[in-house]
Amino acid sequence: MIQMTGVYKSYDKGQHALNDIHLKIEKGEFVFVVGASGAGKTTLLKVIFCEERIDKGVAIVNGHDIFRLKESQIPYLRRGIGFVFQDFKLIHRKTVFENISLPMEMIGSSRSEIKKRVGEMLKMVQLESHIHKLPSTLSAGEQQRVAIARAMVNYPLILLADEPTGNLDEALSIDILNLLKGINSNGTTVVVATHQRNTISKISGRVVALKQGQIISDGERP
Ligand SMILES: Nc1ncnc2c1ncn2[C@@H]1O[C@H](COP(=O)(O)OP(=O)(O)O)[C@@H](O)[C@H]1O
Ligand SMILES: [Mg+2]
């Protein structure tokens, strides 16, 4: 699903944001990527999504060789990946329904397909009664659930989440992580980057720890 061998990435002439990364994530895994601010977590997710390109190494994502991938092929790679951010990135003048519909509109889905699938997604995140509301009228936890529904609407094989609980208190953070766990148990590979070690200590899963662009530990936590 995701396989990296000797992957390097630096932004300027400075130090490596990713420094000789060897990482294999199998289909259906749930993985936390942890580390202090600046450790390289966001860079790791961005290179998987081809928002940043790697300098060196072999990296295969959903069968795409992302070192060699042409710019014109990037949209096809991204179709298989959902992305969730700390600040939700919802469109504030659009309703919950419209926000979740957007990725389906972009690939030309029909109105009836959109209605059906968005309904399923609203049920998954338990926001059916908020379908016609604007994001600004929802709580932070609800807004993140809308963002997760939007990220999942086109059936991605991989869901990447960058500090998805960074704007939430501990109880809401656990709710969001449990939602991501549920999505994972339905088969989606999920990778969550976070600096909040305390929050994730309550959730089981594989933990990959980064420090200054290198993997310093990688293992299952019961
Ligand atoms: N757009 C950028 N331009 C230059 N340096 C960057 C950029 N993004 C990240 N970096 C640097 O790369 C390193 C890793 O950053 P990042 O991947 O954002 O870490 P994290 O998400 O773990 O906080 C840091 O040293 C950071 O300053
Ligand atoms: Mg980051």
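The values are calculated or read from the model by the stated rules, or taken from the named source; none is laboratory data. Computed from a prediction, not measured in an experiment: that's the story for all the values here. As a convention, Cβ positions derive from the backbone with ideal geometry for all residues, glycine included, and neighbour counts pool all protein chains shown.
Taking the residues in region 57-76 that are surrounded by 15 or more Cβ atoms within 10 Å (Cβ to Cβ) and not hydrophobic (A, V, I, L, M, F, W, C) as candidates, determine which candidate is nearest to the chain's Cα centre (by Cα).
Checked region 57-76; the qualifying residue nearest to the chain's Cα centre (by Cα) is N62.
Taking F85 as the residue in question, decide whether it is under 30 Å from T137 (Cα atoms), out of contact with any Lys or Arg (no Cβ under 8 Å at 6 or more places or on another chain) and within 16 Å of ligand 1 (Cβ to nearest atom).
yes
Report the residue count in region 176-206 for those that are more than 16 Å from ligand 2 (Cβ to nearest atom), surrounded by 15 or more Cβ atoms within 10 Å (Cβ to Cβ) and modelled with pLDDT of 95 or more.
So the answer is 11.
Just for strands (runs of 3 or more DSSP E) wholly inside region 1-116: which have at least 1 residues that are of a type in the set (F, W, Y)?
Those strands (runs of 3 or more DSSP E) span 2-9, 30-34, 81-84.
Suppose we filter region 18-54 for residues that are loosely packed, with under 15 Cβ neighbours inside 10 Å and away from ligand 2 (no atom under 13 Å from the Cβ); how many remain?
6
Mind telling me which of the residues R79, R53 ends up being modelled with pLDDT under 95 and within 18 Å of the chain's Cα centre (by Cα)?
Exactly one residue qualifies, and that residue is R79.
For the structure I just gave you, tell me whether I158 is without any contact (Cβ under 8 Å) to a residue 60 or more places away in the chain and in contact with a helix residue (DSSP H, G or I) (Cβ under 8 Å, 6 or more places away or on another chain).
no
Starting from region 3-27, take each residue that is outside the structural domain of C50 (by TED's automatic domain parsing) and list its partners that are within 16 Å of ligand 2 (Cβ to nearest atom) and basic (K, R), counting only C-beta distances under 7 angstrom and pairs at least six apart or across chains.
none
If L159 meets every condition in (1) within 29 Å of K133 (Cβ to Cβ); (2) over 11 Å from the mean Cα position of the chain (by Cα); (3) more than 16 Å from ligand 2 (Cβ to nearest atom) apart from one, which number is that one?
(2)
Within region 157-208, which residues are within 16 Å of ligand 1 (Cβ to nearest atom) and closer than 17 Å to A147 by Cβ?
Correct list: L160, A161, D162, E163, P164, T165, G166, N167, V191, V192, A193, T194.
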